[in-house]
Every structure is written in C-alpha cells, then in structure tokens.
Amino acid sequence: MSKIKVSNVPFTGTPAQEQKLREALAELKEIPGGLMPALQKAQEIYGYLPIEVQKIVADVMDVSLEEVFGVVTFYAQFSLNPKGRYKIGVCLGTACYVKGSGDIFEAFKQQLGIDAGQCTEDGKFSLDATRCIGCCGLAPVLTVNEDVYGKLTTDDVAGIIAKYH
Amino acid sequence: MYRAHILVCGGTGCSSSNSKEIFAKFESELKAAGLDKEVKTIMTGCFGLCALGPVVVVYPEGAFYSQVKVEDVPEIVSEHLLKGRIVTRLLYKETVAETGIRSLSETNFYKKQHRVALKLCGVINPENIDEYIAYDGYQALAKVLTEMTPQEVIDVISKSGLRGRGGAGFPTGRKWQFARNSVSDKKYVCCNADEGDPGAFMDRSVLEGDPHAVIEAMAIAAYAIGSDQGYVYIRAEYPIAVQRLQIAIKQAREYGLLGKNIFGTDFNFDLDIRLGAGAFVCGEETALMTSIEGKRGEPRVRPPFPAVKGLFGQPTILNNVETYANVAQIILNGPEWFASMGTEKSKGTKVFALGGKITNTGLVEIPMGTTLREIVEDIGGGIPNGKKFKAAQTGGPSGGCIPASLIDTPIDYDNLLAIGSMMGSGGLIVMDEDTCMVDIAKFFLEFTVEESCGKCTPCRIGNKRLLEMLEKVTSGRATMEDLDKMEKLCHYIKENSLCGLGQTAPNPVLSTLRYFREEYEAHVRDKRCPAGVCKKLITYSIDPTKCIGCSKCARNCPVEAIHGEIKKPYTIDTSKCIKCGACIDQCRFKAISKK
C-alpha cells in the first residue's frame, strides 16, 4: 500500500456540486454495497475526494467517516489530491515495461519536475504510473486524459508535453 | 441486404489508434459516394492482431487491411467498394497472394488458432443483441431452461472438463456443484472481470467483443445453482468494456432474457455491474466479494468457501470472464465436443495475450497442449530485430519465467505448474536477450509489494524484505548467502500467506532463481548485469580505436561527464556519469559501449 498523502490544496467545492452529490447518494444508499459506487460518483463530481467530500458521503450513507476513509485509501483510483488539468498516465504493465516505459516515466518526472502522484505547481499536469490499460499491442503506452499515445521512445516525451502547453 | 460489409475493429488497441475516426470517415465517405444503402459499416470487437491495428476487414472478399489511416478511407471506398479493386498496398502482407487474397485463416497468426471463447470477437457488432442471437445466441439458455434440470447442467459442465480460466484452474462443474448443494434462499453468481495481471487483456476483449456470451453463461450458472442475482465486477480502467456490457444488459432486459420469467419459465435472473477501483488483490475471490459489499477489498480466511458463505454471507460462485465465454457453446455442442480439444487434464482452448518482444503482439486462442515454441515462433512471428528468445513469462505477478530450454513444453495447467510457472489469466510476455531476469523479478515483486493489502504478515513484511534483497542484488551489494536466504524466504511466504496473492508472489523470484541462477550470480559475484539493464552495475566506455573525436557525445551529455579534444578519442568520467544512455544514441561510429 502506498503512503497516504493528504491534500494541502484548499477545498473549493460549490453548493451545486454538493446538491448533485447528495441527490446521487440518496439513490445509492438503497443498493447493497453502495459505498464504492457512492465514492466513484463523488470523485466524478469533484475530481478527487477531500475530507470535506468524505464527510458528506459518510453522513448520507450513514457509515462512519473512519470506514469511508478506510475504503478511499484502500483503492488506488480514489485520490485524496486534486489532479492536473492534463492527467498523464504512463503504463507500467509488463508488456510496456519490457519495452522501456520505465525510462519514459523517468523522463516525464525529470521534464515536469514532479514525482509520481504529484501535480505541477500551475495545476496543469499530474503524473501517475498506471496499471496495464490493455492495449499491449501499442506498447509502450501512455494516456493524457482520454488521448492514447503508443509505440513511444523517450524522445517523444518533450513533444507530448509541448502539445498541451 | 447489403452487398458488402466493412468491419472496423473497435477493440481497445485499435480504438487507441483512431479506429473510431476511421469508422466515422467510412460512413461519411460511403454516404458521399451514394453507397450507404449497399455497404454496411460495423464496429466489432478485437480481431486479435493488435500489432497491426487499426484493422479493417471488407467482406465478401475478406480483405484484411492493416494499419489503416483515416486518409486511406477514401481510397478504400473509391477503389475497393466502388470499382471493385482491392487496395493491395494496405493489405496485411501475409494475405497478399499472386491470385488475389489469401484467407486470413491461412496466415501464420491465425492458422494454429482455434477460437471458442473468442469465436464471435471481431465477427459481430457487440452492441447489437440481434447479431448475437443470429449466431445461436441465448439458445443454450433456452435449452437449459426448457429441457434440462439444474443437475443436468452441472453434469454437462463437469463432463466437459472445463477448468477456471482465471488462474488456478479449479474444475468449474465442481464449483457449481458445491454452490448447488448449499441450502439457502438467496445465492449469487459473480463474474470476475477484474483483470489485473499486467499484460493480460483477454477478458477485456471478450467483454468488448462478445458481452452477451458472458451474460448468457451467468444466467445458465444461476439456473444451475439456484440463484436470481448476478454481479459483474469489472475494472474501471476498461471503459469500452463497461459501456458495451451496460448496453448488452439493457438489451437483454428489453428482450426478456434478463428479468422475471425468462423464456416463460419461473426462472428469474438479473445482473448488476460493480466497478473496481484499482486494487489488484480484488482479483482474489474473497477480496472481490468484500469489495462488491462496498468495503476495503481484503481477502477472508477460507473455509468457509464462497460456495458455502460468499457475497453478503450467502452461497456464491465466482468465475472468470473467459470461463463463462465457453459455457453456452458447451451446452449447445455437448461436453464431448469440448473435451475433444486439449490435453488429458486441461480441456478446451486458452486465450493468451501475447506481448513484449514479439512481432505479432495481440490475442491468440489455442488448444491446450500447443507448445510454447508454436506460440512464439509460428503464431507470434518470432522475436523482432534478430534478437534471441530468452524467456517467456506467464501468469503475471503470480507466475514465472519459462527459459528457452523448455520452449517445447506443451502449455496446460499442470505442465506450467510443474515448471514453476502457472497459467494465470493468460498473459504471455516474451523476453529477449536484452531483458535482465533479476530486474524482471524485481519488477513483479515491486508490483505485489505495492498491491499487498497488508492484512497478513508474511505477505506484507515478507515480500517487502524479499524486494530489499533483490535491490541488493541489482545494486551489487548482495552476497551468495543472500541468494540462499532469498530462496528460503520465498518458500516461507508461499506457505504462510493468507490468500493467493501472497502465496504466489515469490514465484517470479523462485523461477528466475531456478532457471537463471547464473545471472543472479553474475550480479553478486562479478558485480555485472549481463543484459546491461541494472544501472548501478553498468559502466559506459568509449573505444579509442573507434572514436574519431567528433565531440557529439560530449555536447549531448547532460552532466558533462565526457571530455576530450576534437579529433582525438574522448573519455567518460565514470564518477560523473548518470548512465542515461544519451551518448550511445548520439554516436554514429558505435564507439560507445555499456558493460
């Protein structure tokens, strides 16, 4: 399990977001095992799961905050930190790793000046190592939001960053 | 009636390289040419040959166009569909014959394959239930509900010899029998689509290409054990598969194939999707069920087994996607048909995701008992760039590496276990001489250490210690005693961990120690990485007889570690060198080497 890094970015949720969340939760409360879908919904609305949002989930779903926090920190896809506008995910699955995705990941860290799981100061880029995304035929692969780039070398890294600047 | 059909692959590999735009371009070009009433464009599931994507197949000729670009679409429409002239330059080169087109089934990649689980992938439109029904879809469910007793269904599955395709290979019929024997008024049928092994994507392709096959099989399983509710637990990383499955469930409900009184009988069954959230351990059956319950996905102690006390404390069966994909065909074609394929104890076929250093990366389905050599050399097209085969890794982080000396092993559950690997879900990663086996073992262990849930000590702490020892090896700090200690620790972790994750986590280390011990010893004794991968053990040097003193390497060195005078041989200051390899890439005279 990776270490827990709690966000220091101030919470900027709006009442509209909260209302949307509460409406969705009211429905999910009725289904068995609804806490996971509830947190997935919350993350969809806010982009991440700060403690303020977890409190709302705990309140409506009628479970303790401790249990909510336990679930949030167990699963890799739940994030306590906001993500960048452009989320870079470098696949470190076996097929990609064998074809050099580890070097590509290092190149991103160097060129963006951030570590895995972090976001650049201007909020533009965040960098994550992802598990296999299942298009091993294109290895090594990375994603920037919904865009997929395949058959890469470290020489392509600067060009990809420049494209989103 | 249409006179021609264009099949555009909508699998994940091809979608990632623009097949959606290609599909849209075909539709608009056909309309512009006035052909949209004569030619039908269909988005299908994965064809398997992902290395050549995006793939487009045009019938009735069966022209297999590979690596198609959006700009190529007008040419295919005007030449092939309007004038009837096949665009040879875009054809997959193995299908080009002097007399026209060679059938895809005669190419090396497809010749030795036998498609059962992938039968309809790349054939039907997965978002249209009518196409599935046209291929005998839901006939097996009808047969089961109207002609067979639940016990007869289980007997057929048992007799077929079908074993779980998710990894361990437990006999499916026996699992169903246990759940049927458990007395309860509520039982559950679950599908494991949490395909977490890095490098495996067969379940994704089945769900993307033929989702109804899974739904139908789950309904059959529900009838057999006496359940009325199912759950598909699927990775959130697979958005296309999730979406197609949602569409398929909706269509099945509209057709009355899910819901109440299916086929006019008193059998009720419905299905819900639960998304995973990125925890590898949730591929373990008890952890998966805990996760569906909305909790931290930690495994439970067995017994009680899920067939007695599973999801929400009720009897539950859990099968993998590929296992389900075989069920309807076994019911329709009979258990003898299925048992006629494969080896004595492993019946049927297995889908493998071929990846790594191999020419034809993609999905292949072969009868059990096919040798590794046939998969790598014939179907996979061998290793690119003239490199030598070093090992194949199966079973992901739970499996092991098969060395070149065992390349003629027939692949089945028992043979793989005997040589220290396992079937796993079917990832098959090929490695060449540039791959360091210690580094690969470390890679897998880093994965399991990160994914260990932390519930039991042998896995949480043992694997961490094992990883530290591996790091000692790759940085040249280990002793020969450390290798023996590592081996002991591996066995200790295997014997004492709570769930499958911990019990199999040391396999990559054990199998590489077994077959590539000399490579470990080179790291320990000679402080050398033979494959030139482990950074701490390699040094870069310039061959003075080859260097002409052009200074290009020095100008490109990010840390100014290379010095010299123009037109005289340069030298590398190894104390400053960060081993980034930039100089090697720049040198046109092959004067720089790493050792």
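What follows is calculated from the coordinates using simple rules that are stated; it is not laboratory data. What you see is a predicted model; the values in this text were computed from it and never measured. FYI the Cβ positions are ideal-geometry reconstructions off the backbone, even for glycines, and counts take in every protein chain you see.
Pop out the ³J(HN,Hα) list for segment B:85-95 in order, Karplus 6.51 cos²θ - 1.76 cosθ + 1.60 with θ = phi - 60°, rounded to Hz; leave Gly and Pro as x.
Once θ is set to phi - 60°, the couplings for segment B:85-95 become 10, 5, 7, 4, 5, 9, 5, 4, 4, 6, 9 Hz.
As a footprinting exposure proxy, order A:D128, B:D266, B:D439 by other Cβ within 10 Å, with the fewest listed first.
Numbers: A:D128 19, B:D266 8, B:D439 22.
Sorted ascending by nearby Cβ count, the order is B:D266, A:D128, B:D439.
Stick to the Cα atoms of segment A:86-163, pair each with every other, and give me the Kirkwood hydrodynamic radius in Å at one decimal.
On the way: mean 1/r = 0.0825 Å⁻¹.
Averaging 1/r across every pair of different Cα atoms and inverting gives 12.1 Å.
What order do you get for B:549-560, B:448-459 when each peptide is scored by the mean count of other beta carbon atoms within 10 Å, highest first? Provide the component values of the computation, followed by the final result.
Working: B:549-560: 15.4, B:448-459: 20.2.
Put in order of decreasing packing, that is B:448-459, B:549-560.
5 Å is the cut-off here: which amide hydrogens, built 1.01 Å from N in the peptide plane, fall below it relative to A:Y86, excluding neighbours closer than 5 in sequence?
Amide H to amide H, under 5 Å and 5 or more residues apart or across chains, A:Y86 pairs with A:F125, A:S126.
Over the whole of A:86-96, what's the average partner chain Cβ count within 10 Å per residue? Rounded to a whole number, please. It would help to have the intermediate numbers written out before the result.
Details: counts 0, 0, 0, 1, 0, 2, 4, 11, 18, 15, 4.
Averaged over the peptide's residues, the number is 5.
Would you mind computing the Rg to Rh ratio of segment B:437-525 from its alpha-carbon coordinates, Kirkwood style for Rh? Don't skip to the end; give the middle numbers.
Details: Rg = 12.0 Å, Rh = 12.6 Å.
Value, to two decimals: 0.95.
Determine the sum of side-chain charges near B:N556: Lys and Arg each +1, Asp and Glu each -1, restricted to other residues whose C-beta is under 13 angstrom from that of B:N556. Provide the component values of the computation, followed by the final result.
Working: positive: B:K552, B:R555, B:R588; negative: A:D155, B:E560, B:D585.
My count for the surroundings of B:N556 gives 0.
Other chains' Cβ within 10 Å of B:275-284 residues: what's the mean? Please report the intermediate quantities before stating the final value.
Details: counts 4, 5, 12, 7, 6, 2, 1, 2, 0, 0.
What the average comes to for B:275-284 is 4.
If I take all pairs of Cα atoms in segment B:1-135, what percentage of them are more than 24 Å from each other? Numbers along the way, then the final one.
Numbers: 2231 of 9045 pairs.
Counting every Cα pair in segment B:1-135, those more than 24 Å apart make up 25 percent.
Would you mind checking the pairs B:K390/B:K579; B:K111/B:K345; B:K488/B:K579; A:K41/B:K186 and listing those with alpha carbons more than 26 angstrom apart? Don't jump to the answer; show the numbers that get you there.
Working: B:K390/B:K579 24 Å; B:K111/B:K345 24 Å; B:K488/B:K579 34 Å; A:K41/B:K186 28 Å.
Those over the limit are B:K488/B:K579; A:K41/B:K186.
Return B:I572, A:I88, B:I578, B:I330 ranked ascending by Cβ neighbour count within 10 Å, so the fewest neighbours appear first. It would help to have the intermediate numbers written out before the result.
Working: B:I572 20, A:I88 25, B:I578 12, B:I330 28.
Ordered from fewest to most neighbouring Cβ atoms within 10 Å, B:I572, A:I88, B:I578, B:I330 come out as B:I578, B:I572, A:I88, B:I330.
What are the residues whose amide H is under 5 Å from the amide H of B:K390, where those residues sit 5 or more places off or on another chain and H is modelled from the backbone?
B:M431, B:D432, B:E433
Which aspartates and glutamates have a Cα lying under 16 Å from the Cα of B:K37, excluding residues fewer than 8 positions away in the same chain?
B:E27, B:E29
Would you mind estimating how fast the protein assembly as shown diffuses translationally, via Stokes-Einstein at 20 °C and 1.002 mPa s with the Kirkwood radius over Cα pairs, in µm²/s?
Numbers: Rh = 27.6 Å.
Stokes-Einstein gives a translational diffusion coefficient of 78 µm²/s.
In terms of Cα to Cα distance under 17 Å, which aspartates and glutamates are near enough to B:K159, apart from those fewer than 8 places away along the same chain?
Straight-line reach from B:K159, under 17 Å: B:E336, B:E344.
What ranking of A:F78, B:F338 emerges when the number of other C-beta atoms within 10 Å of each C-beta is taken as an exposure proxy, fewest first? All intermediate terms of the calculation are to be shown ahead of the outcome.
Values: A:F78 20, B:F338 24.
So the residues, fewest neighbours to most, are A:F78, B:F338.
Take every residue in peptide B:196-206, count the Cβ atoms of other chains within 10 Å of its Cβ, and give the average of those counts. Could the numbers behind the result be given before it?
On the way: counts 3, 4, 13, 10, 6, 8, 1, 1, 4, 1, 0.
Across B:196-206, the average partner-chain Cβ count within 10 Å equals 5.
Which residues' amide hydrogens lie under 5 Å from the amide hydrogen of B:G276, considering only partners 5 or more residues apart or on another chain, with H built in the peptide plane?
B:I234, B:R235, B:A236
Explain nothing, just compute: Karplus ³J(HN,Hα) = 6.51 cos²θ - 1.76 cosθ + 1.60, θ = phi - 60°, for every residue of segment B:116-129 in order, whole Hz, x for Gly and Pro.
Whole-Hz 3J(HN,Hα) from phi for segment B:116-129: 10, 5, 9, 3, 9, 6, x, 10, 10, 7, x, 9, 10, 4.
Please express the shape of chain B as an equivalent ellipsoid: the semi-axes are the square roots of 5 times the eigenvalues of the C-alpha gyration tensor, given largest first in whole angstrom. Spell out each step's value before the answer.
Working: eigenvalues 389, 244, 78 Å².
Result for chain B: semi-axes of 44, 35, 20 Å.
Residue-wise, which Karplus ³J(HN,Hα) couplings in Hz belong to segment B:542-550, taking 6.51 cos²θ - 1.76 cosθ + 1.60, θ = phi - 60°, and x for glycine or proline?
3J(HN,Hα) across segment B:542-550, in whole Hz: 9, 7, x, 7, 9, 6, 9, x, 7.
Could you compute the net charge surrounding B:T99? Neighbours are other residues with a C-beta less than 14 Å from the C-beta of B:T99; K and R count +1, D and E count -1.
On the way: positive: B:R102; negative: B:E61, B:E98, B:E106.
After counting each charged neighbour, the total is -2.
Show me the ranking of peptides B:84-93, B:489-498 by mean Cβ neighbours inside 10 Å, starting with the highest.
Per-residue Cβ counts within 10 Å, averaged per peptide and sorted highest first, yield B:489-498, B:84-93.
Would you work out if segment A:1-111 is rounded, prolate or oblate? Take a ≥ b ≥ c from the square roots of the eigenvalues of the alpha-carbon gyration tensor; rounded if a/c is under 1.5, else prolate when a/b is larger than b/c, oblate otherwise.
Working: a/c = 2.43, a/b = 1.93, b/c = 1.26.
In terms of gyration-tensor shape, prolate.
Net charge within 11 Å of B:H5 by Cβ-Cβ distance, Lys/Arg positive one each and Asp/Glu negative one each, not counting B:H5 itself?
Values: positive: B:R3, B:K40; negative: B:E38, B:E61.
Around B:H5, the charge tally is 0.
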